[in-house]
Every structure is written in structure tokens, then in C-alpha cells.
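S.K.: Sending over a structure as C-alpha cells; questions will come in a sec.
The values are calculated or read from the model by the stated rules, or taken from the named source; none is laboratory data. If you're wondering where the values come from, they're calculated on a predicted model, not measured in any experiment. Positions of Cβ are backbone-derived with ideal geometry, glycine not excepted, and every protein chain shown enters the neighbour counts.
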Amino acid sequence: MQNKKRGAERPLFVFFVPSTVPYQGQWCYHKIEAGSNGSLTINYRFVRSHRMYTLRFPFRLPPGQEIAVDGEVIELGDLKFSLERDNRLYILTIDGFPSEHEAKHYINNVWAGLMWVLLQRKLSPDAELAAQKVTYAKDPYQAAKNLEKSFGLQIEGPVDSLIDGARPAVYLTEKKLRVITMGEPNVVVTSPAEDVLRILGEGTSFQRSNEVLEDKKLRVALELYGAYFTEFSPNAKFLTLVVALEALAISVRKTQLVIDLINKWKTELEKLSETVEAKSDDALSLEALSRELQIRKEDSKRRLIQSLVLKTLKDHGDKDAEEMAGIAKEMYDLRSILVHEGWLEPRILSKAISQTRNIVERILLALFAKKAGKSEEGDV
């Protein structure tokens, strides 16, 4: 809004009053000029604020996995990524956000980047995704003195805020923060930080990286795949991989009529088993029939996993899609034997883990690329 000056008098004074209300990352300033004849000119103009925001995103790796951190920094557009280590925590710091909202929203991209690292380098990160509230001290120097007194620390300079070091935080880049992190209760696989940052940055930058987190089934499958690397039991490793496939295939509706009929038969078998002598031929036969019915009940899941593998790999252009779908079906049969009988021959189990992991990785890579829009960039 502007009122034209009357006359050609030079202004007697000019002063600026900063607005208390920011406007989309800008500061509003009011310029008022007073002429000698009493006329006033009022100008409103927006001056872009130079205040920028930083995202601090901590994450952990399971025992046996490490990133060799050595002060690496990469730049992606206007954003600068750096990685450091604080005991068991890795701290990803991203500078260059023009607003708090954009920095918080970028957490989705960071999660996608970490999952891309999981898929590419078999590192299994664990992190909280909800950003904590950052409150700034009215008197940063007094806040520093209070912290010195409370924790017996020697603190140089002001402290604008105190945050939980194990949770994500978005803060004004210019502010000085202190971090409190609770201590954690240790063959290590070490990956170079430069390599990890490059892949993480790539994963954050696909066309729809921020949408990957919204796919709940893909998220669960990725987390299960990550959990595979932290399991020590071969049985647990194998079952975790199979459940990752189940999480992706379960969305297809099963034939409820057949399942209800099988459940009815199983109930009748259980009642009949109570009328025969334990460990008799009749009891053993009924037990075997009950297992057979359970396998038939799970046959729909087996077919769903087979269809998932076939369709996903075909869509991805893999020529061995049918072969992999057949192997997936065999792996689910082995899963049923392990669950219902409690044992697989070690040699068979070892091969099953290797084959199932290969299938899970290929399925997740294909689905991740599709969801994130990587395939649309022509680099799959």
C-alpha cells in the first residue's frame, strides 16, 4: 500500500519498523517518510529473511555394522549433507532449508535415502521419524550458566536450546544448541562415509522419494528386511525374509469361503482327537491330517507370494521372473515345514536363506524404484 507524496519536499526523517509477523520466510518492513508540510508516505515492502534452517537426523546401526566417518560433505542442489558419529549414533546434518516446514517435511526423504542405503549397501539403519519441538531460550547466556550449574559442564558461549540427541530436530541454523543423549548399553562391516552419503543423497532425490514412507506395506517389508541383518538365528533370518514377502502380498483378498471351511474341518478334527488314545495310530493320523489342512489353508498365501514375485519382476523387465516365482513358491513350502515341524536340514535352510534373500532384495528394489519414481528417470 502506498500514498503518493504531495509536493517535492525532502523527508525530514526515515525510519524502519520490523514487522512481528513473518510472511513465507520473509520479513515485512514498514517505511514511513514525513515531509516538511506534514505529508506522509507509507511504503510496505517485503525483504527476504536470510534465516535458514537445519535438519539434524540421528540414526543407529546394529552391532557389526559401521560407517567410516571422516568429515565428508556433499551438496545436492541448495542442501548440504554432512555425517558425523557420536558413540553409537550417526548424526546426519542437512543445511540449507528456507523454512522449518520444508526441513520437517524432508524427513520423509531422509527415510527414503536410508532405505536406499539398506538396499544398496545392506546397512540396516534404525531411527525415530518424529521431529522434537525445539524451544529457544530468551537469554542464551543465562541458559548456558544454568546448564553449567545443573550438569557440571564447562560451556563456552551462549546456548539457545537444549535437545534430545537421539531424536530428529529442526532448528534455526544460526542458533547454538547443546545435545543430551542417554548412554546405550558391543566381525564389524564398515562402509566409507563418502559412499554412504552419495547413496543416501541419491535416495532422497528421486522424483517421489517423499512418498515412499506413505506406503505402509512397503515400509513394513523394508523394516523386516533390515531386521534380517540383526537376527542371529538362521531360522529367524529365513522366517523374517518370508514375512517381508507376506507383508507385500497379503493385500490381495483371499478366498474366505475356503478358509472358513478349512477352519471348520480343523475344529472337528480337534474334537475327534480328544476321543482317541494319545499316540495311537488314529491320533497320529489325525495330527497329520490337521497339518495337511493347515498347509492347504496357507496355499492362498503361497499363491499370492508367487504372483507378487512374478508380476513385480515381469514389470521390472527381469527375464527370469517365472523362475524366481517358482523358487518363491518352494521357499514358502519350506517355511511351512519349518513353522509346523520346527526343523529344516541345515544345508537346505542355508540355501533357502540365500535364495529368499535374493528374491526379497530384487522385489524391494523394484517396488522402491517404482514408488519413488526412479524408474521414470530412466536409470533403473
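S.K.: So, restricting to strands (runs of 3 or more DSSP E) that lie completely within region 99-197, which ones have at least 1 residues that are among the polar types (S, T, N, Q) and crowded, with 16+ Cβ neighbours inside 10 Å?
M.R.: Working: elements: 161-164, 169-172, 177-180, 189-192.
Once the strands (runs of 3 or more DSSP E) in region 99-197 are filtered for at least 1 residues that are among the polar types (S, T, N, Q) and crowded, with 16+ Cβ neighbours inside 10 Å, what remains is 161-164, 189-192.
S.K.: Go through (1) of a type outside the set (Lys, Arg); (2) surrounded by fewer than 17 Cβ atoms within 10 Å (Cβ to Cβ); (3) part of a helix (DSSP H, G or I); (4) at pLDDT 90 or above and name the single condition GLN294 misses.
M.R.: (4)
S.K.: Of the residues in region 84-128, how many are within 23 Å of GLU231 (Cα to Cα) and among the hydrophobic types (A, V, I, L, M, F, W, C)?
M.R.: Of the residues in that region, 11 qualify.
S.K.: Would you check which residues across region 53-83 are part of a strand (DSSP E or B), within 16 Å of PRO192 (Cα to Cα) and of a type in the set (A, V, I, L, M) and list them?
M.R.: Matches in region 53-83: ILE67, ALA68, VAL73, ILE74, LEU83.
S.K.: Is there any pair linking a residue in region 340-360 that is over 10 Å from LEU241 (Cα atoms) to one that is of a type in the set (S, T, N, Q) and surrounded by 10 or more Cβ atoms within 10 Å (Cβ to Cβ), with Cβ under 9 Å and at least six apart or on different chains, and which?
M.R.: HIS340/GLN294; GLY342/ASN235; TRP343/ASN235; LEU344/ASN235; LEU349/ASN235
S.K.: Output yes when any residue across region 250-263 is assigned to a helix (DSSP H, G or I), closer than 28 Å to LYS371 by Cα and under 26 Å from the mean Cα position of the chain (by Cα), and no when none is. I'd like the intermediate steps shown before the answer.
M.R.: Our first condition is that a residue be assigned to a helix (DSSP H, G or I); within region 250-263, this holds for 256-263.
With the extra rule that they be closer than 28 Å to LYS371 by Cα, the set shrinks to none.
No; the residues of region 250-263 include none that is assigned to a helix (DSSP H, G or I), closer than 28 Å to LYS371 by Cα and under 26 Å from the mean Cα position of the chain (by Cα).
S.K.: Next question. Kindly indicate whether any position in region 304-316 is surrounded by fewer than 19 Cβ atoms within 10 Å (Cβ to Cβ) and modelled with pLDDT under 90.
M.R.: Among the residues of region 304-316, not one is surrounded by fewer than 19 Cβ atoms within 10 Å (Cβ to Cβ) and modelled with pLDDT under 90, which makes the answer no.
S.K.: Which condition from (1) crowded, with 22+ Cβ neighbours inside 10 Å; (2) outside the structural domain of LEU365 (by TED's automatic domain parsing) is the one that LEU241 breaks?
M.R.: Of everything listed in (1) crowded, with 22+ Cβ neighbours inside 10 Å; (2) outside the structural domain of LEU365 (by TED's automatic domain parsing), LEU241 misses just condition (2).
S.K.: If you don't mind, another one. Quick one: in region 101-151, of everything that is of a type in the set (S, T, N, Q) and farther than 26 Å from LYS374 by Cβ, which residue is nearest to the chain's Cα centre (by Cα)?
M.R.: Taking region 101-151 first, the residues of a type in the set (S, T, N, Q) are 108-109, 120, 124, 132, 135, 142, 146, 150.
Checking the rest, the ones that are also farther than 26 Å from LYS374 by Cβ come to 132, 135, 142, 146, 150.
Values: GLN132: 16, THR135: 25, GLN142: 38, ASN146: 36, SER150: 35 Å.
In this case the residue turns out to be GLN132.
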